[in-house]
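The values are calculated or read from the model by the stated rules, or taken from the named source; none is laboratory data. Keep in mind the model is a prediction, meaning the values are calculated, not measured. Methodologically, a virtual Cβ is constructed for each residue, glycine included, from the backbone with ideal geometry; neighbour enumeration extends over all protein chains shown. We work out accessible area using only protein heavy atoms, side chains counted, and drop any ligands, DNA or RNA first. Shrake-Rupley method; radii C 1.70, N 1.55, O 1.52, S 1.80 Å.
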Amino acid sequence: MRVKENLIGAAIAFVLICGAGAIGANFVLKAMGDGDKVEAADQSNTAATNKPLHVPQVDFEANSTEGRAITTIKEFHAAFDLKVTGGGLDNFASDNDDSWNEFLTSDAFNTDKYEEIGKALTSVQGLQLDMNTLIELANIAREKHDPEALRFMHRILHDLDLYAFPNKETVQRDYWGVTNTVPSEDGTNRTEMEKFLAAN
């Protein structure tokens, strides 16, 4: 019985440490100035100049189903920060199979995870639509190796993490305005994403 309790405790500690590590990595990148900037050298893509029209008012316990779903969003955002910001998106040329194969095997491209998040957060207006968009973009990335799919996935996860579900450590910056959950009055970036989706 004691061994079972120790194993359960170790498993819980592992999950907490991994989650904190992913969030911490994002925090460190931001502090170093490498997190959440433009995804590539292309400066034509700019953050929205306004703030969200509305922000969901949520207060979920960290260990609840909803809290774990939000933690997953934050972990996926941190994974994208590591891969696509600070010019990292340039590594994903369509013929660079090594970069693609490595990133596409991560949970951030597991469409079942986005379905689970949507089911866990049904009370958050617009969230399910954003999960559907992430699923569509993940499929485009997998099938076409198009870096633009990564750019838009990052922007959705970024806005959800920093604007829909901020915590007391969150540093809000580069609001893209591409989600249904925290929509923008300025629809420029959203229109760009919708054109991309329509073309693919």
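The residues on offer are Ala40, Ala78, Ala47, and the sole one that is over 21 Å from Asp130 (Cα atoms) and either under 19 Å from the mean Cα position of the chain (by Cα) or at pLDDT below 50 (or both) is Ala40. Criterion applied to Asp90, Asp98 was being modelled with pLDDT under 95 and more than 18 Å from Arg155 (Cα to Cα), and the one residue passing it is Asp98.
Within region 141-161, being without any contact (Cβ under 8 Å) to a residue 60 or more places away in the chain and of a type in the set (A, V, I, L, M, F, W, C) holds for Ala141, Ala149, Phe152, Ile156. Using the structure shown, decide if Phe103 is among the hydrophobic types (A, V, I, L, M, F, W, C) and under 12 Å from the mean Cα position of the chain (by Cα). No; evaluated as a whole, the condition is false for this residue. In region 87-200, counting only helices (runs of 4 or more DSSP H) that sit wholly within it, the ones holding 1 or more residues that are in contact with a helix residue (DSSP H, G or I) (Cβ under 7 Å, 6 or more places away or on another chain), open to solvent by less than 40 Å² (accessible area, probe 1.4 Å) and among the charged types (D, E, K, R) span 127-144, 147-159.
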